1. Considering only segment 122-131, state which residues are touching a helix residue (DSSP H, G or I) at 6+ places or on another chain (Cβ under 6 Å) and at pLDDT below 80.
2. Filter segment 176-199 down to residues that are surrounded by 17 or more Cβ atoms within 10 Å (Cβ to Cβ) and outside any helix (DSSP H, G or I), then give me how many there are.
3. Answer with yes or no whether E111 is closer than 25 Å to V194 by Cα and acidic (D, E).
4. Output yes when any residue across segment 119-127 is within 18 Å of the chain's Cα centre (by Cα), closer than 24 Å to K75 by Cβ, assigned by TED's automatic domain parsing to the domain that holds P96 and among the hydrophobic types (A, V, I, L, M, F, W, C), and no when none is.
5. Say whether the condition of being small (G, A, S) and under 22 Å from R165 (Cα atoms) is met by at least one residue in segment 81-98.
6. Can you tell which of I145, I89, I137, I154 is more than 17 Å from the chain's Cα centre (by Cα), surrounded by 16 or more Cβ atoms within 10 Å (Cβ to Cβ) and at negative phi?
7. Do we find that T78 is in a helix (DSSP H, G or I), surrounded by fewer than 14 Cβ atoms within 10 Å (Cβ to Cβ) and not small (G, A, S) in this structure?
8. Regarding F160, is this residue under 29 Å from D23 (Cβ atoms), in contact with a helix residue (DSSP H, G or I) (Cβ under 6 Å, 6 or more places away or on another chain) and not assigned by TED's automatic domain parsing to the domain that holds L40?
Amino acid sequence: MVNTTQEKILNAATEIFLLKGPDGARMQEIADAAGINKSLLHYYFRDKETLYLSVFKNVLKDLVPALTSVLGSDKPLTEKISDFLELYIGFIQTNPLLPHFIVTETTRNPERLLMAFSQLPRQSLNDRLKSDILKSIERGEIKPIDPNQLIINIISLSVFPFIARPVMSSFLDIGFAEFDILLEKRKKEVAQFVINSLK
């Protein structure tokens, strides 16, 4: 199936934005990578900021509904945590440049990043997870913990190895192929670590 012009633009822009950041990316470069002229690029996306927001939503378009489905299930919190990490770490494995991109943007232009995040229906995810944590505490299923701290722990333990991959690979004295195997195992390792911390 041949990509539409808009899909070609989004694919080209995603690769360039993630590699160079919005400030380093050029509209002409994106047009060239998409195989179109700059005028047609501006027909679909009037400026780089509009394209940036569209790319951000496009990259995360499948993740948010999938996470919503996981957190909206009737499973116990510990199972939801396992499912969440399987999905979340798998997503980062597929998009390994995204964590570094977000960290870089947090430093360079946090307002732009916050604007991009504001376009996503993430609040319902956050509210649902916090609600599940508090209910599990009330039922005595897990020990008392600040939901915000637990969410930070889950995200940090998932993302950091991808951000620090070259340093961690060197520190552990293993090659990238072996490190990839280690990252795959983290889906279950992180879940077990987090679940054990709640007992």
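The values are calculated or read from the model by the stated rules, or taken from the named source; none is laboratory data. Just so we're clear, the structure is a prediction, and the values are computed from it rather than from any experiment. Ideal geometry is used to build each Cβ from the backbone, glycine not excepted, and the neighbour counts take in all protein chains shown.
1. L125
2. Final tally of qualifying residues: 1.
3. On the way: closer than 25 Å to V194 by Cα: no; acidic (D, E): yes.
When the stated conditions are applied, E111 does not pass them.
4. Scanning segment 119-127 turns up at least one residue that is within 18 Å of the chain's Cα centre (by Cα), closer than 24 Å to K75 by Cβ, assigned by TED's automatic domain parsing to the domain that holds P96 and among the hydrophobic types (A, V, I, L, M, F, W, C).
5. Of the residues in segment 81-98, the ones small (G, A, S) are 82, 90.
Cutting the leftovers down to under 22 Å from R165 (Cα atoms) gives us 90.
Yes, there is a match, as at least one residue in segment 81-98 is small (G, A, S) and under 22 Å from R165 (Cα atoms).
6. Details: I145 fails: surrounded by 16 or more Cβ atoms within 10 Å (Cβ to Cβ); I89 fails: more than 17 Å from the chain's Cα centre (by Cα); I154 fails: more than 17 Å from the chain's Cα centre (by Cα).
Step by step, each of I145, I89, I137, I154 is checked, and only I137 is more than 17 Å from the chain's Cα centre (by Cα), surrounded by 16 or more Cβ atoms within 10 Å (Cβ to Cβ) and at negative phi.
7. no
8. In short, no.
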